[in-house]
Amino acid sequence: MTTSPAVTGPSPSSPRRRGAVRELWHGLSGRFAHLAGRVHRTWRRSLQVRVVTITLVVSSLLVGGFAYLIADKITSILLENAKTDVLLRLQNGREYSAKQLSFYSTPQEAQLQETIEGTVNYLAGGDPQQTNGVVVALTADRYTGIIEPRSSSDVAYRPLISKELRDAVADGNVAHQIRTGRLTDQRSKYLVYGSPVPTKFGQLELYYLVPLDRQDATAADARATVVATGVALVLLLGLLAALVTRLVVSPVRVAARTAQRLSAGLLDQRMVVNGEDDLALLAASFNQMATNLQRQILRLEEMSRLQRRFTSDVSHELRTPLTTVRMAADLIFAERDEFDPAVARSAELLQAELDRFEELLTDLLEISRFDAGFAMLDAEPTDLVPMVHRVADRLAGLAERAGVTIELDLPSTPVIAEVDPRRVDRVLRNLVGNAVEHGEGRPVLITLGIDQTTVAITVRDHGVGLKPGEEKLVFNRFWRADPSRARQTGGTGLGLSISVEDARLHGGWLEAWGAPGQGAQFRLTLPARAGDRLTTSPLRLVPADATLPFGGSRDGGGPLAIGPGPDGALAIGPAPVDRAEVSS
């Protein structure tokens, strides 16, 4: 005989089943997290939602507490009324039973059982609530086997009379209990009262079993009414809170939108003023503030426009007399060997100052273009390595006169970036010239670095450095660290200001670091592709050989960096954390 192989399915703990359960759990947890996130964002962003929610929660707690107290009070009143009514009937029944049984001296008399049955029937027949299931019972626990207990209905009432209640009644006390049982087809709650009935031959027990269905129904109706009223009241309070909050929040939202439009440059935006209440006063005050701001901004714009025009006009107008003076000065300078030595020296000084004056006019014209927003970027792929070499060669004579050595740390391969060569060359000349002037005869190091998206150039000097707080001023126009210090380069005081604008025009950063006695370092960071956004720099801002005060680190926790930040605005704060600084 052969047996067929048993066919078994996948066990509940099979890998496939566990994977399905895990996937289902991840899906449900993801949806719950998404829903929780949306609820959290709505709660955080909407004042109206918070006010309505808090109102609903607090009102629900208060109304729920009052509803519970009211429902409990109604139930207690109904139960007390039922107890009073049953107790009154019990007292009357006990008196009637005692009167009927007073004719018997012993429990063995022949007519006693009939009298007990007639008494029970009379008490039940005289009860107007007998149609509601009231049961009257007369028992004699002391005379079991001699006197048979009788009840008004042929039901099993004995389970509803507990032993504790029987003992209390047997001791001569009137007692009661609330019991749940089944005397009919329906399970109900009963109020059971018991009382002793004194006779000449001893004591009998009279019990009233009153159903509480009507009281329970009344209490349930009262609870339902209270709950419905409470729910309606809570919803009404929530709706009222939503309406009131909307009346307050709507003008605030309008004010926020209007403020956003004003900050975007739409200075003619105003709020609508309705009525004469506090919100109308807020709207009127807001409009007045906007009007004043618009007036001041327009006034400042007009003053700035006049200032830029004045600078541009003066710069252009000075070109003509400067050209004439330049021609005369060139003629005198060419013939200086034939003059008296004092006159010849004056001719040389005149020539030098005219060169500086011409540079100042050129810088003023450039600054006026930046201020007017007319500066344009002419970006093209450029190799920065030969550009750095050209700047170093051009300033070699100045460095030699100042006793400064220019050192280069450049990659051996080309460094190509989309930049404006004229502007980057000007920035490098300003930075290197500034480092040579303040180098105190110590070497100046120029470093070029690159990564996948960014190029950076640092210029490091070991001069007097910058005092605390001077980092905030180094890019200001015409600012000098030491006003008594003579300029060796003949600069105009606008070089670093123009360099900052050139860096910002490229979408880059120009930052500075300095410490007293440790020199300074400037870092120019530019995107390798024009239009890209900078996030990091391949070179550190704080030099590796710098000693930071107070145990500072070179990740930007010490000296400040000043220059255009990632948003294009002038950034003044701790030096940012770079990949180069973190990796080291």
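Contact map, the range 435-446: residues that are in contact (Cβ under 8 Å) with a residue 12 or more places away in the chain and surrounded by 21 or more Cβ atoms within 10 Å (Cβ to Cβ) paired with residues that are part of a helix (DSSP H, G or I) and not small (Gly, Ala, Ser), Cβ distance under 7 Å, separation 6+ or inter-chain. Pairs shown: VAL436/LEU398; VAL444/VAL432; VAL444/VAL436; ILE446/VAL388; ILE446/VAL432. Filtered by the rule that a residue be surrounded by fewer than 17 Cβ atoms within 10 Å (Cβ to Cβ) and either among the acidic types (Asp, Glu) or in a loop (DSSP other than H, G, I, E, B) (or both), the range 134-152 gives ASP141, THR144, GLY145, ILE146, GLU148.
Any chance the range 70-87 includes a residue that's touching a Gly at 6+ places or on another chain (Cβ under 7 Å) and farther than 24 Å from GLN186 by Cα? No.
So which residues in the range 450-498 are modelled with pLDDT of 85 or more and not in a loop (DSSP other than H, G, I, E, B)? Of everything in the range 450-498, those that are modelled with pLDDT of 85 or more and not in a loop (DSSP other than H, G, I, E, B) turn out to be ILE450, THR454, VAL455, ALA456, ILE457, THR458, VAL459, ARG460, ASP461.
Scanning the range 43-72 for residues that are under 30 Å from ASP221 (Cβ atoms) and of a type in the set (S, T, N, Q) gives THR55, SER59, SER60. Taking the range 206-228 as the range and being farther than 21 Å from THR84 by Cβ and either open to solvent by less than 30 Å² (accessible area, probe 1.4 Å) or in contact (Cβ under 8 Å) with a residue 12 or more places away in the chain (or both) as the test, the residues that pass are ARG223, VAL226, VAL227. Looking across the range 384-423, the residues that are over 48 Å from the mean Cα position of the chain (by Cα), surrounded by 13 or more Cβ atoms within 10 Å (Cβ to Cβ) and in a strand (DSSP E or B) come down to ILE406, LEU408. Within the range 29-42, residues that are among the β-branched types (Val, Ile, Thr) reach partners that are surrounded by 10 or more Cβ atoms within 10 Å (Cβ to Cβ) with beta carbons closer than 9 Å, at six or more positions or on different chains, in the pairs THR42/VAL49.
The values are calculated or read from the model by the stated rules, or taken from the named source; none is laboratory data. Note that the coordinates shown come from a computational prediction; the quantities given were computed from them, not determined experimentally. Using ideal geometry, Cβ is built from the backbone for each residue, glycine included, and neighbour counts are taken over all protein chains shown. SASA here: full protein model, heavy atoms, side chains in, ligands and nucleic acids out. Shrake-Rupley method; radii C 1.70, N 1.55, O 1.52, S 1.80 Å.
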